[in-house]
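A short worksheet on the structure shown next.
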Amino acid sequence: MSRLEATVVAEEVYRRLKRLIVEGELPPGARIDRRSLAQELGVSPTPLNDALARLIGERFVERRTGRREEEGLYVPERPEGELVHIFAVRAGLEGMAGRLAVERVAAGGDPAPLKALSARFRGLEPPFDEEKTRRYLAEDKLFHEGIIAAAGNPVLADIDQNLGCVHRSWIQGLVRPPEETLGEHRDIIEAFEALDADRVQGLLVDHNLRSRDALLRKRPSDRAAARP
């Protein structure tokens, strides 16, 4: 296999592993069996190890040492309070990404990414049963990932990828119910369609900070650490 082919395979393995973690198929606390994963993914150890090294750097995977029987790679069990800080950082990243996406289109850039965002959440209306909530979570992921991509800023995308803020915020599912956030998403879409950069940025910041505040209400002990 050429170096280029190996790189492409490692990238695909990386994306698939990250998705397994984000979607909970590799849940927090799960030990990673490299041999089984390589067989399941149909790859050799080399691209798998390359992908795992990236995920360790992004804190999606951790290496544990100590007692021999417990050594190995695991999906981290993160304290729920960490999400408070994740949503604060995500607010700033997504707010700027939304502004950049609008400015890009207003300057004559390809409007397709914003049109794709506008297509999200169609046909999803209350009441939300279990199946519709799963669909809503999938739409939510695509919507917020799409905002980062639509910005067209490789530095911002790299920061988000390395911090993993957007992805890690979904590991425990939806922080707030769809009935509460659907209207917020549609307000953001409306601002995108109007190419109102100020409103897009403000709405995205507020949207994420409301989720942070919902977490704070559940965990009042985190309030002092999260707010100056």
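The values are calculated or read from the model by the stated rules, or taken from the named source; none is laboratory data. Every value quoted in this text rests on a predicted model; they were computed, and no experiment measured them. Cβ sites come from the backbone with ideal geometry, for glycine too, and all protein chains shown count toward neighbours. Keep in mind that these areas ignore ligands, DNA and RNA; they rest on the heavy atoms of the full protein, side chains included. Shrake-Rupley method; radii C 1.70, N 1.55, O 1.52, S 1.80 Å.
What ranking do 47-56, 118-127 get when scored by the average of other Cβ atoms within 10 Å per residue, highest first?
Working: 47-56: 18.4, 118-127: 12.8.
Ranked by mean Cβ neighbours within 10 Å, highest first: 47-56, 118-127.
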Debye, to nearest 20: dipole size of the chain, +1 on Lys, Arg Cβ, -1 on Asp, Glu Cβ: 600 debye
The range 73-121: GluC sites (Glu not before Pro) falling in loop per DSSP and having at most 12 other Cβ within 10 Å: E77, E80
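Roll a 1.4 Å probe over the protein chains and send me the accessible area per residue for the chain in Å². Show your work: numbers first, answer last.
Values: 12170 Å² over 228 residues.
For the chain, the per-residue accessible area is 53 Å².
For the peptides 106-112, 193-199, what is the packing order when you average, over each peptide's residues, the other Cβ atoms within 10 Å and list the highest mean first? Spell out each step's value before the answer.
On the way: 106-112: 11.1, 193-199: 14.9.
The densest-packed peptide leads the list: 193-199, 106-112.
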The chain - percent of accessible surface contributed by carbon and sulfur, probe 1.4 Å: 51 percent
Positive-pole candidate from A88, P154, S44, dipole of the chain, charges at beta carbon: S44
The chain: calculated mean residue ellipticity at 222 nm from DSSP helix runs of at least 4, using -39500 (n - 2.57): -21000 deg cm²/dmol
Interatomic Cα distance distribution for the range 1-159, bins of 10 angstrom, percent: 9, 27, 33, 24, 6, 1
Over the range 1-118, relative contact order from alpha-carbon pairs under 8 Å, at least 6 apart, %: 23 percent
